[in-house]
1. Counting Lys +1, Arg +1, Asp -1, Glu -1, what net charge surrounds residue 47 among other residues with beta carbon under 12 Å of its beta carbon?
2. If we restrict to alpha carbons, what Rg and Dmax does the stretch 38-91 come to, in Å?
3. Before anything else, pin down the relative contact order of the chain: Cα pairs under 8 Å, at least 6 apart, normalised by residue count, whole percent.
4. Magnitude of the Cβ-charge dipole of the stretch 14-113, K/R +1 and D/E -1, about the Cα centre, nearest 20 debye?
5. Hey, if you put +1 on the Cβ of every Lys and Arg and -1 on every Asp and Glu Cβ in the chain, which of 24, 76, 34 ends up farthest toward the positive end of that dipole?
6. Kirkwood Rh, Cα Rg: Rg to Rh for the stretch 14-113?
7. Of the GluC sites (Glu not before Pro) in the stretch 47-117, which ones lie in a loop per DSSP and count no more than 10 other C-beta atoms within 10 Å?
8. Go ahead and estimate [θ] at 222 nm for the chain from helices alone: -39,500 (n - 2.57) per DSSP H run with n ≥ 4, summed, over the residue count, rounded to 500.
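Please treat every number below as a calculation from the coordinates, not as lab data. It should be emphasised that the depicted structure is a prediction, and the values quoted were computed from it without experimental measurement. Cβ placement follows ideal geometry from the backbone for every residue including glycine, while neighbour counts extend to all protein chains displayed.
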Amino acid sequence: MATASCSSRPGSDVADVFAALANPTRRELLRLLLERGEQPVQQLADHFDMRRPSLSEHLRVLKDAGLVTEQPVGRQRFYALRPEPLREVADWIGPYERFWRSRLADLRDVLDGLPDD
């Protein structure tokens, strides 16, 4: 079964992005980068109770999925959010969101039509 390719990351697919987002630590890393901008790995590590190699593995998964960039500066490595793959996730989720919004609107209409007791 073929998976949809992400046009912003040739050779990778949406499954890589979903796999990266499946982990709460990686989602928290993305949140930190969204809210605080580019940060060195040590500054990111200060937010987690884990060994540095474990954090580096999470960052590698995010980088491989195209969700972050890594920029070496001297002896440090800076990470920044790369949000483009999230657009593809939102595009994939969109039809399901519209489906449920429609169903909930229908339910609201039915409930609004019931007599008050």
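1. On the way: positive: 31, 36; negative: 28, 35, 46, 49.
Neighbourhood net charge equals -2.
2. Here Rg and the maximum Cα pair distance are 11.9, 38 Å.
3. Working: 97 pairs, mean separation 29.9, N = 117.
Dividing the mean separation by the residue count of the chain yields 26 percent.
4. Working: 16 positive and 16 negative charges, 71 e Å.
Around 340 debye, computed over the stretch 14-113.
5. Farthest along the dipole direction, towards plus: 76.
6. Working: Rg = 18.0 Å, Rh = 15.3 Å.
Computed over Cα atoms, the ratio is 1.18.
7. Details: sites: 57, 70, 88, 97; in loops: none.
When the GluC sites (Glu not before Pro) of the stretch 47-117 are filtered for loop state and at most 10 Cβ neighbours within 10 Å, nothing remains.
8. Details: 5 runs with 69 residues, N = 117.
After summing the helix terms and dividing by the residues of the chain, the value is -19000 deg cm²/dmol.
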